[in-house]
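Below is one structure, written out as structure tokens; comments come after it.
Read-outs throughout are calculated quantities, based only on the coordinates presented, and are distinct from any laboratory measurement. Every value quoted in this text rests on a predicted model; they were computed, and no experiment measured them.
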Amino acid sequence: MTQLKVTPTKSNLLKLRKQLAFALEGFELLEQKRQILTLELVARLERLREAERKANEALGRAHDSLREATLDSGSEALDRVALGVPVSHEIALSEERLMGLRLPKVRVQIAPPRVSFGFTGSSPNADLAQRRFAELLPLLAELAGLQNAILRLAKELRKTQRRCNALTKIFIPDCRESIHYITGALEERERESFMDRKLR
């Protein structure tokens with residue numbers, strides 16, 4: 001601990017006491033923020049694991065359907081007919097606010113399923129593969145939003161932790177040390193002036 005460089009006066013003592021009270025109040029608020037961010041981060045990590053599991057399962061089903069369609073029609077025929085399929089999905093980005101942070105939300109509006117491939121030159125598995133890949137899009141959008149939100153929460157949590165550490169390990173102890181020094185110096189001055197008055 002090092003004391004702050006201030007002259008030992010009553011006005012400086014009052015200023016330091018106000019600063020200490022303000023720092024202690026700020027630390028309490030930062031500690032509450034840190035706890036909320038930690039809880040939110042843990043909750044979103046659990047949601048991320050569940051979203052990854054669902055996305056992997058859906059991706060596996062979609063790839064199985066695509067493999068079946070490729071075996072039925074061949075990859076070149078499937079590529080040709082896929083060029084004529086209209087895609088009309090919409091992506092919506094929004095934000096959620098938490099403790100001053102802007103956390104992204106990504107939503108995908110998928111077009112209603114319909115038969116897109118022709119009866120000749122392709123297999124029914126092509127329509128199934130298309131539908132399954134389309135169903136995968138909302139899961140991937142949720143996954144992207146969660147990953148981005150987790151990164152932002154982790155960054156803010158690190159910043160909050162650094163501020164808490166700076167207050168508890170540097171500023172508050174230095175301020176207390178300075179208050180102790182000024183209080184001692186003022187008491188010493190009072191004793192000296194008292195002794196001077198008595199001796200006169």
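Which residues' amide hydrogens lie under 5 Å from the amide hydrogen of L98, considering only partners 5 or more residues apart or on another chain, with H built in the peptide plane?
It is L103, by chain and number.
Over all distinct Cα pairs, what is the inverse of the mean 1/r for the stretch 140-200, reported as the Kirkwood hydrodynamic radius in Å?
Every distinct Cα pair counted, the radius reaches 16.0 Å.
5 Å is the cut-off here: which amide hydrogens, built 1.01 Å from N in the peptide plane, fall below it relative to V108, excluding neighbours closer than 5 in sequence?
Residues meeting the criterion, in which the H sits 1.01 Å from N, are A92.
Output the relative contact order of the chain, whole-number percent, from Cα pairs under 8 angstrom with separation of 6+ residues.
39 percent
Report the normalised scattering of the chain as log10 I(q)/I(0) at q = 0.10, 0.14, 0.17 Å⁻¹, calculated by the Debye formula with identical scatterers on the alpha carbons.
-0.67, -0.91, -1.08
Using the Karplus curve 6.51 cos²θ - 1.76 cosθ + 1.60 with θ = phi - 60°, what ³J(HN,Hα) values do you get for each residue of the stretch 61-72, in whole Hz, with x for Gly and Pro?
5, 5, 5, 4, 5, 5, 4, 5, 5, 5, 5, 6
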